[in-house]
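Trainee: Next up is a structure, given as structure tokens.
No lab work stands behind these numbers, since they all come straight from the coordinates. This structure is a prediction, so every number in the text was calculated from the model and none was measured. All Cβ positions, glycine included, derive from the backbone under ideal geometry; neighbour counts span all protein chains shown.
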Amino acid sequence: MSKETNTGPTRFVQHVIIVHGYEASPDANWFPWLQGELQAEGIDVTVVPLPAPDDPARAPWENAVSSALGVPDGRTVIVAHSLGAVTALRVLAALPEPWELGGVVLVAGFVEPLEALPELDRYLASDVDVERLARNIRTRTVIRSETDPFVPPAASDDLAKRLDAQLQVHPEAGHFMAKDGVTTFPAVFDLLRSRY
């Protein structure tokens, strides 16, 4: 009989859920690279295909993330990009207490309407009770760039503050997309190996 328990802190995560953003897909940007690197380490990875990524609707997106997450635990980490971060946080906020999650890594994370993307205003019309989530998530990181054309640095900084998360800044990474030259993301992989 194994003496391993889920109650103590673990050095390395066992399941990673990757949530893409607006106008993206599971095979876009750095998501396939991260999936491959994690799977090579024996980590179970789910990349959530969000329905109608060019015309996101809250309920279908939240349902897709909720189905992938199931019952969260201390060995699961969510890695979410852009609008996927808002969606993941909303799914967590809707969970019945008590629950625990090993961590979140929110890349270009934000929760408020964006001046550069007014077409998402309806999706972003209501805030998320981010502060309440922090106590249930062991390790929290927000990653942002100085050159993001969509998510202002202040929006990610505010999210990191509200979530009591570590902030990691990549000065010239744009919106962390393939068109910004981001098709691999060693910093996220290293973060998952060292802090989660």
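Trainee: Which angle between 0 and 90 degrees, to the nearest 10, do you get for helix 83-93 versus the longest principal axis of the chain when only C-alpha atoms count?
Mentor: Taking Cα atoms only, the helix is inclined about 50 degrees.
Trainee: For the chain, take the longest principal axis of its alpha carbons; what is the angle in degrees between that and the long axis of helix 186-195, to the nearest 10 within 0 to 90?
Mentor: Once rounded, one gets 40 degrees.
Trainee: Take the alpha-carbon centre of region 78-128, take the same for region 133-196, and report the distance between them in whole Å.
Mentor: Region 78-128 and region 133-196 have Cα centres separated by 13 Å.
Trainee: Place a label point 7 angstrom from the Cα of GLU112 along the Cα-to-Cβ direction, then list the residues of region 156-172 whose backbone nitrogen is under 16 Å away.
Mentor: 156-164
Trainee: Hey, another quick one. Do any GluC sites (Glu not before Pro) in region 110-196 lie in a DSSP loop with no more than 13 other beta carbon atoms within 10 Å, and if so, which?
Mentor: Numbers: sites: GLU115, GLU119, GLU131, GLU146, GLU172; in loops: GLU115, GLU146, GLU172.
Within region 110-196, the qualifying GluC sites (Glu not before Pro) (loop, at most 13 other Cβ atoms within 10 Å) are GLU115, GLU146, GLU172.
Trainee: Could you work out the relative contact order of region 114-196? I mean the mean sequence separation of Cα pairs under 8 Å and 6+ apart, divided by the number of residues, in percent. The partial results should precede the final answer.
Mentor: Details: 90 pairs, mean separation 23.5, N = 83.
That works out to 28 percent.
Trainee: Same structure again: Nearest 10 degrees is fine. How inclined is helix 153-163 to the longest principal axis of the chain, computing both from alpha carbons?
Mentor: Helix 153-163 and the main axis of the chain meet at about 30 degrees.
Trainee: Just want to confirm a number: the relative contact order over region 15-195, from Cα pairs under 8 angstrom separated by 6+ residues, in percent.
Mentor: Taking the mean separation of contacting Cα pairs over the length of region 15-195, I get 22 percent.
Trainee: Starting from the amide H of ILE18, placed 1.01 Å from N in the peptide plane, find each other amide H under 5 Å away whose residue is 5 or more places distant or on another chain.
Mentor: Placed amide hydrogens put THR46, VAL47, VAL48, VAL79 under 5 Å from ILE18.
Trainee: Tell me which of LEU101, HIS20, ALA116 sits at the most positive position along the dipole axis of the chain, charges placed on C-beta atoms (Lys, Arg +1; Asp, Glu -1).
Mentor: LEU101
Trainee: Run the helix sum for the chain: -39,500 (n - 2.57) per DSSP H stretch of 4+ residues, divided by residue count, reported at 222 nm to the nearest 500 deg cm²/dmol.
Mentor: -8500 deg cm²/dmol
Trainee: About the Cα centre, and with charges only on the beta carbon of Lys, Arg (+1) and Asp, Glu (-1), how big is the dipole of the chain? Nearest 20 debye, please. Spell out each step's value before the answer.
Mentor: Values: 16 positive and 27 negative charges, 153 e Å.
About 740 debye.
Trainee: Suppose we look only past 13 Å in the calculated P(r) of region 114-180. What percent of the Cα-Cα pairs does that tail hold? Walk me through the numbers on the way to the answer.
Mentor: Details: 1509 of 2211 pairs.
Everything past 13 Å amounts to 68 percent.
Trainee: Can I ask one more? Just round it to a whole percent: the fraction of Cα-Cα distances in the chain exceeding 20 Å.
Mentor: On the way: 9775 of 19110 pairs.
Tail of the P(r) past 20 Å holds 51 percent of the pairs.
Trainee: While we're on this one: Once you mark the trypsin sites (Lys or Arg not before Pro) that are in a DSSP loop and have at most 16 other Cβ atoms within 10 Å, what is the longest gap between them in the chain?
Mentor: Values: sites that count: LYS3, ARG11, ARG122.
The segment 12-121 is the longest one with no such site.
Trainee: OK, next. Between ILE78, ILE43, ILE18, which gets the highest mean-square fluctuation from a Gaussian network model of the chain, Cα cutoff 10 Å?
Mentor: Residue with maximal mean-square fluctuation among ILE78, ILE43, ILE18: ILE43.
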